[in-house]
Amino acid sequence: MFLQEVARACPGFDPATPDPEFQWLSRYRCTQREPSLRCWISASGTRIGGGGSHLDGLRPHGKGLLVDQSSRGQDKADSLLTRQNKSKSEIADMVRSATITVSNKAHILTMQKFELRDTIVKSHLVQKEEDYTYIQNFRFFVGTYNVNGQSPKEGLQPWLSHGIQAPDVYCVGFQELDLSKEAFFFHDTPKEEEWFKAVSESLHPDAKYAKVKLVRLVGIMLLLYVKEEHAAYISEVEVESVGTGVMGRMGNKGGVAIRFQFHNTSVCVVNSHLAAHTEEYERRNQDYKDICSRMLFSRGDASLAPVPISKHDVILWLGDLNYRIEELDVEKVKKLIEEKDFQTLYAYDQLKTQVAANAVFQGFTEGKITFQPTYKYDTGSDEWDTSEKCRAPAWCDRILWKGTNITQLSYQSHMALKTSDHKPVSSVFDIGVKVIQQELYRKTLEKIVRSLDKMENANIASVTLSKLEFCFQNVKYMQLRIESFTIQNGQVPCEFEFINKPGEESYCKLWLNANPSKGFLLPDAAVEIELELFVNKTTATKLNSGEDKIEDILVLHLERGRDYFLSVSGNYLPSCFGTPIHTLCYMREPILDLPLETVSELTVMPLRTEDDGSQLERPLKIPKELWIMVDYLYRNAMLQEDLFQQPGLRSEFEEIRDSLDTGMIDTLNTASFSSHSVAEALLLFLESLPEPVICYSAYHNCLECSGNYTASQQVISSLPRFHKNVFHYLMSFLRELLKNSAENHLDENILASIFGSLLLRNPAGHQKLDMLEKKKAQEFIHQFLCNSP
């Protein structure tokens, strides 16, 4: 049926003998290839959330609770905004580190845009921090609860306030706040207010609390409260979110975080929901690493570097980490639980195994587990899962920490709460916070200033660079490549910064980034700079065509010193990713088998609406790369649950990309790839197209006729030939998937939401669809999924 539909939609496609259209397949090499990428960065890198005033407009609310009235609405709005770097909006999302450092120190400067003298003062203050601070213990409550999409049905006091002293700080995290499609695709949910209210009403009755911040990504929510008397000592509050779902941006899995300064100690609280299913521990490891690398907190001054999770004095990590018990059957697990032999059971815990292998949570600590697994229960009871799937019990819900002066006082689950199929978990800590003694601070500052007055400011800053030329050979699409060098300072403190060349808006091309791009060096100090090269959907097309090349000159400027010039060169291996549809249709050979001149000519070839009688070889009806991926899914994934919703493995994407670009398709046919990896590769392919399947010129017409199927068909019929063929081919495949919805659990709304934003893109600066446009795009695609041609 699928092939017959394609034949009707794409005249000339013979369903009985589809192979002649793709005769190139039989000529290809069958050699297995080893994956060559050592690192993956997500396709979108989209981050949701932002900072803002942390305690503005505090007013009493409820039982001794102060509510941040000014930020309630703002938190929701912030959660839908993508933070963009003004000079390099996408590259900033692709790399993983801050761009300002204080050499040889773990702290990043926080002062607003200093002159050189101010920088030196601040740097010395950081180094002499122990001279003017003392450690004072504050009590932190940390809690995590996967609520399985339920509304609060019972008080949360047994979890949040029974049997403990009133904490100074509450960090409360939720997962699966809302499992509805509306929450997943449109990010809005009434459950946020319901659970916020439930928490606020269950805080310890012996103290008044101020809500510092709330951040949510779909169903992952984190709340931060402090005692009213501590509010004045909370500063630099920022929030961030990272989606680790399909294409690195879907928010069904990922993490949210709040960072803040408490007195003179920086604290970061992370709430994460990692990939599910027992066998997916590698995917969970990958999610953790994604959150660590992409979670960068912006600061008020755009010239200041974003702050990564690792650059905090205290890190508290909570959530449904989803690590399971392995190598034991369900009955054996339950028997060990009944005997309360948690030590034996813990030996089979995946998180314990992965931490021991140094795969995740390096440097973190988890307290001893003395409570039974917190998943999976029949909702409303303490009985283990009796559903058809009969999930094995597991310690999915965990709390870990990293830092000094941290003492864990308790680590427990709370069986009294029965709303969800998980049990909530809590941990109470005494955390030593650095408090400033103002008189000692003043004396330290005066001493530093006096010493600077004696410094000879006439000296010229001078540094030595370990390397001036950098060559990146055989760069591939979405492959992070790094070359590093060292700046060794001389006898004079100096500031360094990569500066723009005359007439250019950024200090480097979009595919390049220097990390850090600016900083401060004390005398005789050194800093390592990493040059990070990453080609994504924004930059691939010009590199494919030869319009751009891996060539650039960076200018490293020293304040009160000379400029240094760094040369960057290399070559890019063209890829089907980032190549126009019509260009791929004229490439009967794999792109890496074609001469670079041919690739360049075909890539810049104008889009043809119909065959114009050119002398080019007869084109394919659709790109062969698209056919390979869809054919794989048609043969292997029609019954796959969560298709297009669960991410694949990065190493597999790399092999898929190489197979498509080299024609070594036997890698796809013989390797045991996850269907999720191929599905995600298909989505990434569609996202990378410089002209979307539904051309930009038809965008507004599609939105206008989204409720009229006949008019919508007319818009599609007016598309250029190859774009029209691809659209019909995809719709036929998706309709075939829907015939198996009883097994794969897909429906028209899910597929329309996923593919609507890929096939229909806003031509105005290629910006993201707003909420109304997104719904109209979904309605437009929905029509074709519900109606056969």
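The values are calculated or read from the model by the stated rules, or taken from the named source; none is laboratory data. Since the structure is predicted, the reported quantities are computational estimates derived from the model, not experimental observations. Note that we place each Cβ from the backbone using ideal geometry, even for glycine, and neighbour counts take in every protein chain shown. Note: accessible area is taken over every heavy atom of the protein model, side chains too, but ligands, DNA and RNA are not part of it. Shrake-Rupley method; radii C 1.70, N 1.55, O 1.52, S 1.80 Å.
The residue of the range 351-382 that is most open to solvent (accessible area, probe 1.4 Å), among those that are in contact with a strand residue (DSSP E or B) (Cβ under 7 Å, 6 or more places away or on another chain) and of a type in the set (G, A, S), is G363.
The set of residues in the range 363-413 that are in contact with a His (Cβ under 7 Å, 6 or more places away or on another chain) and among the hydroxyl-bearing types (S, T, Y) comprises T374, Y375. Per the conditions (1) part of a loop (DSSP other than H, G, I, E, B); (2) modelled with pLDDT under 95; (3) within 28 Å of L400 (Cα to Cα), the sole criterion not satisfied by M111 is (3).
Mind telling me which of the residues D385, D397 ends up being surrounded by 18 or more Cβ atoms within 10 Å (Cβ to Cβ) and touching an Asp or Glu at 6+ places or on another chain (Cβ under 8 Å)?
Only one candidate passes the filter, namely D397.
When I258 is evaluated against the numbered criteria (1) open to solvent by less than 10 Å² (accessible area, probe 1.4 Å); (2) touching a Cys at 6+ places or on another chain (Cβ under 6 Å); (3) not charged (D, E, K, R), which criterion, by number, is the only one it fails? For I258, the exception is condition (2).
Kindly check whether there is at least one residue in the range 582-598 that is within 30 Å of N489 (Cα to Cα) and aromatic (F, W, Y). No, that holds for no residue.
One residue stands out in the range 482-509 among those that are touching a residue at least 60 places away in the same chain (Cβ under 8 Å) and charged (D, E, K, R): the one that is farthest from L521 (Cα to Cα), namely E505.
When the range 647-671 is limited to residues that are open to solvent by less than 30 Å² (accessible area, probe 1.4 Å) and polar (S, T, N, Q), the one that is nearest to the chain's Cα centre (by Cα) turns out to be S659.
Among what's in the range 261-287 and is closer than 23 Å to K213 by Cα and small (G, A, S), pick the residue that is surrounded by the fewest Cβ atoms within 10 Å (Cβ to Cβ).
S266
The set of residues in the range 216-237 that are among the charged types (D, E, K, R) and either open to solvent by less than 30 Å² (accessible area, probe 1.4 Å) or over 18 Å from S298 (Cβ atoms) (or both) comprises R216, K227, E228, E229. Quick check on the range 460-469. Is at least one of its residues of a type in the set (S, T, Y), surrounded by 13 or more Cβ atoms within 10 Å (Cβ to Cβ) and not in a strand (DSSP E or B)? Looking for residues that are of a type in the set (S, T, Y), surrounded by 13 or more Cβ atoms within 10 Å (Cβ to Cβ) and not in a strand (DSSP E or B), one finds at least one in the range 460-469, hence yes. Here D290 passes the criteria (1) modelled with pLDDT of 95 or more; (2) crowded, with 20+ Cβ neighbours inside 10 Å; (3) outside any strand (DSSP E or B) except the one numbered (1). Do we find that S310 is of a type in the set (S, T, Y), open to solvent by 30 Å² or more (accessible area, probe 1.4 Å), farther than 18 Å from L649 by Cβ and without any contact (Cβ under 8 Å) to a residue 60 or more places away in the chain in this structure? Here the answer is yes, as S310 does meet what is asked. Scanning the range 330-383 for residues that are assigned to a helix (DSSP H, G or I) and under 19 Å from W317 (Cα atoms) gives Q350, L351, K352, T353, Q354, V355, A356. Of the helices (runs of 4 or more DSSP H) that lie entirely inside the range 664-773, those containing 1 or more residues that are modelled with pLDDT under 90 span 666-670, 748-759. In the range 164-171, the count of residues that are touching an Asp or Glu at 6+ places or on another chain (Cβ under 8 Å), under 21 Å from A275 (Cα atoms) and either assigned to a helix (DSSP H, G or I) or not aromatic (F, W, Y) (or both) is zero. A search for C-beta distances below 7 Å between a residue of the range 372-389 that is under 21 Å from L321 (Cα atoms) and any residue that is among the polar types (S, T, N, Q) and open to solvent by 40 Å² or more (accessible area, probe 1.4 Å), counting only pairs 6+ apart in sequence or on different chains, returns D378/T386. For the range 732-753, does any single residue satisfy the condition of being surrounded by 15 or more Cβ atoms within 10 Å (Cβ to Cβ), in contact with a Ser or Thr (Cβ under 7 Å, 6 or more places away or on another chain) and touching a residue at least 60 places away in the same chain (Cβ under 8 Å)? Checked the range 732-753: at least one residue is surrounded by 15 or more Cβ atoms within 10 Å (Cβ to Cβ), in contact with a Ser or Thr (Cβ under 7 Å, 6 or more places away or on another chain) and touching a residue at least 60 places away in the same chain (Cβ under 8 Å).
Checking each residue in the range 243-287 for being of a type in the set (K, R), assigned to a loop (DSSP other than H, G, I, E, B) and touching a Leu at 6+ places or on another chain (Cβ under 9 Å) picks out only K253.
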